[in-house]
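A quick write-up on the structure given underneath.
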Amino acid sequence: MQAMLKQQRSGVRASQPARRAVQIRAVAAPMKAATSSKSPIIAPEVAKDLYYDMVLGREFEEMCAQMYYRGKMFGFVHLYSGQEAVSSGVIRQLRQDDYVVSTYRDHVHALSKGVSAREVMAELFGKKTGCCRGQGGSMHMFSSKANVLGGYAFIGEGIPVGLGAAFQSKYRRDVLGDEKADSVTCSFFGDGTCNVGQFYESLNMAALYKLPHIFVVENNLWAIGMSHLRATSRTAGDEDPHIYKKGEAFGMPGVLVDGMDVLKVHQVAKEAIERARRGEGPTLIEAETYRFRGHSLADPDELRSKEEKAKWLARDPIPQLKKYMLDHGLASEADIKALEDKVAEVVEDCVKFADESPKPERGQLLENVFADPRGFGIAEDGRYRYQLPGFSSGTAIVS
């Protein structure tokens, strides 16, 4: 990792190869196993769940690229390919009543938390059957059922929302006496967000009130086209900036983890989640990871060097886990193929579902816009007033 960071600092840049879809079976074998332990550190059913979730995230995102270039999606679409170990390693351990707050790179976080592939793909297609009924789109996934509190287009704005969810858990338990209120909130964000004010304000409040909140920094080294090393000052005594060390300054544990190794992420997240449930407060996790595509599907990805990308591609978290599962008897080749076949079916099904789903009705336009829609625009017959004759000419009654 340090060698890669030094290469970035030296300003090495190479020409950008032609974009290609990242196929999990085509990526080079992992450089080393996730752990050197002879006995497995995870149960077979957990390993299979993690593998399925990571493959689902990867194949879903690669299908999104295809659909985007076919004109099925509009606006900006930011893919998560390469970072799956972070989402799966953290979120698959959460309960249904726990909360997740995401960023504009939110599709896979939603999938990991239990939002169906059908709902996410339909949302991306702008269809009525999407998790936000087609009104949120790629950057604003929300699900009250799964406790996904949204993706956010502007960096940092989701962290205070996550803090609010953690605060209500703490308040219900400590003030209202609800002993069952031990839900945990995980807020995800990137390295670029760690240079904005909301991050530091939220660290302070989370530590002050010992909130059950986990800050998960997905440090993929690049904030759009700005290198992490150029944008973030070095921590004291270090050659490079280390975000996790900022936790200590606020009185909370800061943990650095290999974000390309799902088993390591799983272990670190497990400790942070358990700590939060015990009422011991927040944790700051910095997961070093890498995105295999440009910032968005509109990004030609010309700023990152070919050598840098090749090094991270060789550390793809999916074949790492596959090798670990086979080496430790957690799954057979047949088991893994069955999981991959199931993913293929789910992805094909969600595209078909989204494509065939209806578009939102015009009546949705004013819903969820005003605190009291009836005070603005619903007529006596239940229709929106803008649908009544004369509305556009100003002659309709709009009391």
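The values are calculated or read from the model by the stated rules, or taken from the named source; none is laboratory data. This one's a predicted model, so the numbers in the text were calculated from it and none came from an experiment. Please note: Cβ atoms are built from the backbone with ideal geometry, for glycine as well, and neighbour counts cover all protein chains shown. Accessible surface areas use protein heavy atoms only, side chains included; no ligands, DNA or RNA. Shrake-Rupley method; radii C 1.70, N 1.55, O 1.52, S 1.80 Å.
So the values come out like this:
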quantity	calculated
Residue satisfying condition, being in the same structural domain as residue 159 (by the TED database), farther than 22 Å from residue 61 by Cβ, touching a residue at least 60 places away in the same chain (Cβ under 8 Å) and open to solvent by less than 40 Å² (accessible area, probe 1.4 Å), within set 284, 297, 339	284
Helices (runs of 4 or more DSSP H) fully within the range 163-251 counting 2 or more residues that are open to solvent by less than 10 Å² (accessible area, probe 1.4 Å) and among the hydrophobic types (A, V, I, L, M, F, W, C)	197-208
Residue in the range 257-267 that is modelled with pLDDT under 95, assigned to a helix (DSSP H, G or I) and surrounded by fewer than 20 Cβ atoms within 10 Å (Cβ to Cβ) present	no
Matching residues in the range 103-114 - criterion: being in contact with a strand residue (DSSP E or B) (Cβ under 7 Å, 6 or more places away or on another chain) and either among the hydroxyl-bearing types (Ser, Thr, Tyr) or open to solvent by 10 Å² or more (accessible area, probe 1.4 Å) (or both)	103, 113
Contacts under 6 angstrom Cβ, first residue in the range 253-265 being charged (D, E, K, R), partner in a helix (DSSP H, G or I), 6 or more apart	258/264
Which listed residue is closer than 25 Å to residue 288 by Cα and modelled with pLDDT of 95 or more, from 116, 112, 143, 169	112
